[in-house]
Amino acid sequence: MSWALLFRAREYLKGSLWVYPLAGAILGPLLAVLTRQADTSVTVPQAWQYAPSTASTVLTTIVGAAVGLTGFVVTVTVLAIQMATGTFSARYMRIWYRDRLLKAVLAVLAGTLTFSFSLLRQVGSTQVPNIGVSVAGGLLVLSLVLFLLFFDRFIHRLRPVAVADLVGQMALRVITTVTQAAQIDTASAEIAAGDPVLMVTSGRAGSIQAIHVPGLVTWASRHNHLLAMQAAVGDFVTTGQHLIAVYGDGAAPANTGRLQAMIALGAERTVEQDPAFAIRIMADIAVKALSAAINDPTTAVQALDHLGNVLRLLGATPLHGPLTFRDTEGTPRLLMPGRTWTDYLTLAVTEIREYGCSSIQVVRRLRAILEDLQESVRPEHRPAVDTEIAIAAGFAGSVDIDQARARDRQGIGGPAATEISSPAASN
């Protein structure tokens with residue numbers, strides 16, 4: 001199985017809502033068999049023994065409760081989908097249906113249902129699965145606890161600021177791993193003059209979800225070639241579009257399937273190797289909040305809070321665009337397009353500035369973020385911040401231009417941006 005196929009399989013399992021419940025439904029009858037064997041070898045106390053009629057009633061009630069709770073969880077999930085797509089961003093759904101707690105609730109409920117139903121077959125006039133009935137009750141209690149935890153998370157995640165915080169945390173985790181390549185080597189390798197000896201094209205259409213960098217470097221080192229990616233992670237490529245240009249002196253293998261198998265394509269972007277996708281989601285939340293139908297600039301400011309945190313981490317990274325990956329001997333083997341600091345900054349603030357230019361709250365908060373970045377980012381990143389500050393100052397044509405040029409960490413209502421002097425300096 002190729003690396004790309006394995007990656008897509010992992011992504012499918014992370015996003016599927018039926019795999020874990022199916023596993024729970026299969027484990028339920030197996031657990032019923034184990035409890036039956038335990039009943040034959042263990043004598044339970046009198047308080048834990050059940051009459052046949054009591055056991056049947058309890059198990060029937062548990063089966064009905066499991067079915068009812070499952071239906072309620074599905075209803076809540078559908079409601080969450082409607083709220084997320086209508087209020088936040090359609091891209092956020094890729095994070096929502098990966099919620100492990102949601103899958104755990106469905107798996108335990110499915111397992112409780114099949115486990116209790118299997119125990120009903122074991123109830124006879126003289127034989128009662130005493131241990132199994134107690135375990136079924138415990139599983140129902142566990143299902144209820146997990147459901148309450150899931151419901152609590154669902155209620156809290158209805159707030160846009162909670163969604164922005166979740167996406168921001170994911171972005172921070174991805175940035176710390178993905179941008180390590182930029183910190184290690186940012187010097188571009190020179191491509192020898194001449195045309196590539198081989199051009200690898202895409203076998204299907206889709207977004208580039210991930211690239212197997214170690215595999216491409218190993219292939220290039222083995223064949224003594226230099227690979228140059230023609231598209232970046234997150235780009236959408238069409239069928240037959242150029243993906244990789246192979247440079248070198250000798251002829252490259254004619255079979256391009258091995259190289260194609262190291263690039264995972266999917267219907268939509270993922271955040272696994274693409275921190276810009278997380279920034280895209282947060283920007284979408286802010287832009288939707290600024291639409292005329294919603295008109296909620298405070299939500300946009302809250303999204304800007306978390307965007308500023310992500311940009312601060314990115315600004316401390318030496319992002320210079322194209323990345324060069326070398327083999328163990330230090331020879332350049334793979335060139336990849338890489339986003340610069342300007343690319344990330346533009347993605348984060350341009351659309352929010354465009355749609356929020358009439359909101360003093362948004363403009364003031366944006367200016368506060370940019371001025372904070374001006375002090376915290378690497379020196380080579382500051383010109384891009386200066387440019388954004390100059391653009392943000394173009395709140396011209398309004399009687400509120402002076403207020404809009406002020407900085408406010410809360411957009412409107414924050415403490416005045418005045419210098420606080422020490423007691424010694426004021427004497």
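If each of Val44 and Ala390 carries a label point 7 Å out from its Cα toward its Cβ, how far apart are those two points in nm?
For Val44 paired with Ala390, the spin-label model returns 7.8 nm.
With a 10 Å radius around each residue's Cβ, average the other Cβ atoms per peptide and rank 34-42, 4-12, highest first.
Order by mean packing, descending: 4-12, 34-42.
Can you compute the helix-only [θ] at 222 nm over the chain? Use -39500 (n - 2.57) per DSSP H run of at least 4 residues, normalise by all residues, nearest 500 deg cm²/dmol.
-18500 deg cm²/dmol
Please give the length that would be gained between Thr340 and Asn255 if that part of the chain were fully extended, namely 0.36 nm times their separation in residues minus their C-alpha to C-alpha distance (nm, one decimal).
Extending this stretch completely gives an extra 27.3 nm.
Can you give the accessible area per residue of the chain, in Å², using a 1.4 Å probe?
Per-residue accessible area for the chain comes out at 49 Å².
Calculate the FRET efficiency for Glu380 and Thr331 from the Cβ-Cβ distance with a Förster distance of 30 Å, rounded to the nearest 0.05.
My answer for the efficiency is 0.65.
Of all the accessible heavy-atom surface of the chain, with the other protein chains kept in place and a 1.4 Å probe, what percent is carbon and sulfur?
Whole-percent figure for carbon plus sulfur exposure: 59.
Output the Kirkwood hydrodynamic radius of the range 1-160, Cα pairs only, in Å rounded to one decimal.
Across the range 1-160, the inverse of the average 1/r is 17.4 Å.
Magnitude of the Cβ-charge dipole of the chain, K/R +1 and D/E -1, about the Cα centre, nearest 20 debye?
Magnitude of the dipole: close to 1240 debye.
With an 8 Å cut-off on Cα pairs and a minimum separation of 6 or more residues, tell me the relative contact order of the chain in percent.
Averaging sequence separation for qualifying contacts and normalising by length gives 16 percent for the chain.
For His242 paired with Arg121, estimate the spin-label separation in nm (one decimal), with each label point 7 Å from Cα along the Cα-to-Cβ line.
For the pair His242/Arg121, the computed spacing is 6.2 nm.
Relative contact order of the range 1-115: what whole-number percent is it, with Cα pairs under 8 angstrom and at least 6 residues apart?
Rounded, it is 60 percent for the range 1-115.
Separation of the range 135-159 and the range 306-328 by C-alpha centroid, Å?
Centre-to-centre distance over Cα atoms comes out at 39 Å.
Between [x] 86, 45, 36; [y] 71, 49, 41; [z] 84, 73, 47, which entry matches Cα extents along the principal axes in Å as derived from the coordinates of this structure?
Matching entry in [x] 86, 45, 36; [y] 71, 49, 41; [z] 84, 73, 47: [z].
Taking 0.36 nm per intervening residue step and subtracting the Cα-Cα distance, what contour gain separates Asp152 from Leu34 on full extension?
39.1 nm
For a quick protection proxy, order the peptides 207-214, 356-363, 298-305, 73-80 by their average other-Cβ count within 10 Å, most packed first.
298-305, 356-363, 207-214, 73-80
Take the alpha carbon atoms of the range 29-84, find their center, do the same for the range 205-254, and report the distance between the two centers in whole angstrom.
If you average the Cα positions of each part, the centres end up 52 Å apart.
Once fully extended, how much extra length lies between Ser16 and Val74, figured as 0.36 nm per residue of separation less the alpha-carbon to alpha-carbon distance?
19.5 nm
The values are calculated or read from the model by the stated rules, or taken from the named source; none is laboratory data. In this text, all values refer to a predicted model and were calculated from it rather than measured experimentally. All Cβ positions, glycine included, derive from the backbone under ideal geometry; neighbour counts span all protein chains shown. Quick note on the areas: whole protein, heavy atoms, side chains included, nothing else; ligands and nucleic acids left out. Shrake-Rupley method; radii C 1.70, N 1.55, O 1.52, S 1.80 Å.
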